[in-house]
Every structure is written in structure tokens, then in C-alpha cells.
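Following: one structure in C-alpha cells, then a few remarks.
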Amino acid sequence: MPCTEESEHWNYDNPSEWPKYFSAASGLSQSPIDININESISQSYPPFVFSSKYYSDELFKLTNNGHQVAVTLADRTYGQSDKDLWFTGGGIEGTFFFVNFHLHWGRNDRHGSEHQINGYRFPAEAHVVFKNPATGQLAVFAFLFTITNDPSGENLEWKKYTDVSSQLKNANDTMQCMFNLSRLMQVNERSFIRYMGSLTTPPCSEGVIWTIFTNTIPINEDSVNQLRQNLMRKVYRPVQPLNNRPIFRSY
Ligand SMILES: [Zn+2]
């Protein structure tokens, strides 16, 4: 999750220091977590429903915010509006509007994801953030990545993200690019994990509805290396205590 005004007071070298400046970070419902599938509760959920712009190519703006590269819809002068990108369903009450998407990664392929599944860390993890303006509640979709060495096997939307992001070497650098959210998100399989957690960046506010899709997205190692070499080496928060929260699975 990107941060805004607090950017000076934290970094990824010392996440254990975050609670000194952001009290929510020491709460009992923090994210990310290690998900033990065997201890999750099977539940059936209605399908997600997305607005039509989810399926079309739209113009977005990538911004190096000093901690990561966050992607928002481009300026409204292009005839777009955050109000055009939304979802309902999936067992979540209300209509949630697109806020941003971004990627987390690590120094090498053994690290990078924020969430872990059965103790396993993935090389990268994407977050697509939505907000219900009526309640202020946030819902985040998370996607885990696996490395492919087959160039044709790579997800091309994420290759665009890594290609453009690696040019944004300084904080506040921006660039625009077309993305297709349905190809970027790959929600076609409905196997996901659901739990209540927090933002994974300061202020680490709780009450966030997490949906973690268990079908991974393929990415080329060169693409992740571009980010490691040109931007930040490491962009993830370590797992936090579960504290007896229930974890649900949709299958
Ligand atoms: Zn995030």
C-alpha cells in the first residue's frame, strides 16, 4: 500500500520501528500474515462483478512515491474517472472503487511477497486497492507471482509495469501507460483467501478486507531484476502475528 504524507518517517530497512511513529502498526490485526491453508475455513462466496472499464484498455499514471511505484488512473481530462472502475460481490458488502495498484518485491527470488502461504514466500506480490466511499473501507486484492524463464509465458501487463517503473528512478517521477485491469488481475479463477487485516505500509490502519488469489501470475526474472537494479532492492513488510483471526478460503 502506498503512503502519502508520512513518507519521510519510514522505510523498508526497519519495519520493526514503524510502531514508534505509527501506533496502528502494533495492533492485533496487522498484515501481511502467513496463511496456513489447513487451518482456513471453507466458505462459498458469490462471484465478483466488475464494471465494463475493467475489461478495456485504460490510461493510467505510474508514480515513484519514494517507497514503491503506484499506478492510478490518469488525469480526468482524458475522459476517465475513478468512478468508472469498480467491483461488487465476492462476499463484500457495497461498491468498491479503484484506488491504485502496485507491486512488492525483494532482493532475490526467495523473498518479495508480503503474504506467505504455508510458510512459503513468493518472489513478488501485487496489490490492487479499492475503496468504498460510503464507508471509507478499503478492500485489497493480492496476487502472488512465480518466476518463469519462458519469455512468452510472462504476463504482459506486469511486464509493462516493470518496464515503465524501472525508468522512474527518482521519487515523484511519473509516466503514463495503458493497462487492462482484467488481464493484469487474472481473477478468472475464483480460488481465494479472505481475512481482515491492515495496510501493509504506514500508517498500517486496520479494517482492510483482504482477498488473496491463490492462482499465481507468471513474471520473468529479468523483469523483477529491472526493479531491483533501478529502483528499490526490497519493498515488502514481514509477516505479522495472526492473533487467532479466522482465515477463510473460497474453495
Ligand atoms: Zn501493497
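The values are calculated or read from the model by the stated rules, or taken from the named source; none is laboratory data. Because the structure is a prediction, the values reported are computed rather than measured. Every residue, glycine among them, receives a Cβ derived from its backbone with ideal geometry; neighbour counts consider all protein chains shown. Each accessible area value is taken on the protein alone, full model and side chains, heavy atoms only, with ligands, DNA and RNA left out. Shrake-Rupley method; radii C 1.70, N 1.55, O 1.52, S 1.80 Å.
Applying 0.36 nm per residue to the separation of Asn149 and Gln167 and subtracting their alpha-carbon distance, the gain on full extension is 4.2 nm. The range 210-251: percent of C-alpha pairs farther apart than 12 Å? Cα-Cα pairs in the range 210-251 separated by more than 12 Å: 76 percent. Evaluated at q = 0.15, 0.16, 0.20 Å⁻¹, the base-10 log of the normalised Debye intensity for the range 119-251, with identical point scatterers placed on the Cα atoms, takes the values -0.86, -0.98, -1.43. Among 221-232, 43-54, 121-132, the peptide with the highest mean count of other Cβ atoms within 10 Å heads the list, and the full ranking is 121-132, 221-232, 43-54. Placing a label point 7 Å from the Cα of Arg245 along the Cα-to-Cβ direction, the residues of the range 175-205 whose backbone N falls under 16 Å from that point are 193-205.
A P(r) calculated from all alpha carbon pairs of the range 21-233, with 5 Å bins opening at zero, reads 1, 7, 14, 19, 22, 19, 12, 5, 1, 0 percent.
Excluding ligands, DNA and RNA, the accessible surface per residue across the chain is 44 Å² with a 1.4 Å probe. Between Thr174 and Asn225, the FRET efficiency estimated from the beta carbon spacing at R0 = 30 angstrom works out to 0.85.
Backbone amide hydrogens, once placed in the peptide plane, bring Phe48 within less than 5 Å of Gly90, excluding anything fewer than 5 places away on its chain. Only protein atoms count toward the accessible area here, which uses a 1.4 Å probe; on the chain, the carbon and sulfur part of that area reaches 48 percent. Let a ≥ b ≥ c be the square roots of the eigenvalues of the Cα gyration tensor of the range 165-211; is it rounded (a/c under 1.5), or, if not, prolate (a/b larger than b/c) or oblate? Oblate shape, in that a/c is at least 1.5 and b/c is the bigger or equal ratio.
Report the number of Lys pairs in the chain whose alpha-carbons are under 21 Å apart, with separation of 8 or more residues or on distinct chains. Final tally of qualifying lysine pairs is 16. Each peptide in 195-204, 148-157 receives the mean, over its residues, of other Cβ atoms within 10 Å, and ordering these scores from highest gives 195-204, 148-157.
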